[in-house]
1. With the condition kept exactly as written, say whether any residue in the stretch 9-30 is acidic (Asp, Glu), surrounded by fewer than 10 Cβ atoms within 10 Å (Cβ to Cβ) and modelled with pLDDT under 75.
2. Please tell me if Pro43 is within 25 Å of the chain's Cα centre (by Cα) and either loosely packed, with under 10 Cβ neighbours inside 10 Å or modelled with pLDDT of 85 or more (or both).
Amino acid sequence: MPKPNYAFAKRQRELAKKQKQEEKRLRKSEHQGVPSDEPGAEPLADDLQTTGEAPAPDAGGER
């Protein structure tokens with residue numbers, strides 16, 4: 001009977017744990033993206049489209 005390879009089993013558990021954490025992180029990022037679709041969340045994008053130009057940078061740095 002072959003002896004158990006504990007290092008292999010540990011590595012498989014670590015990979016499964018990392019995969020599960022990544023899936024959880026993706027679910028959370030998708031969930032956080034949903035509220036940004038609300039109409040009040042994008043006033044800057046609407047201003048950019050209506051004026052056709054980007055907002056002016058801080059004028060205090062340019063002399």
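The values are calculated or read from the model by the stated rules, or taken from the named source; none is laboratory data. All values derive from a computational prediction rather than experimental measurement. With ideal geometry, Cβ positions are generated from the backbone for all residues, glycine too; neighbour counts draw on all protein chains shown.
1. So far as the stretch 9-30 goes, no, none of its residues is acidic (Asp, Glu), surrounded by fewer than 10 Cβ atoms within 10 Å (Cβ to Cβ) and modelled with pLDDT under 75.
2. Working: within 25 Å of the chain's Cα centre (by Cα): yes; either loosely packed, with under 10 Cβ neighbours inside 10 Å or modelled with pLDDT of 85 or more (or both): yes.
So Pro43 fits the description; yes.
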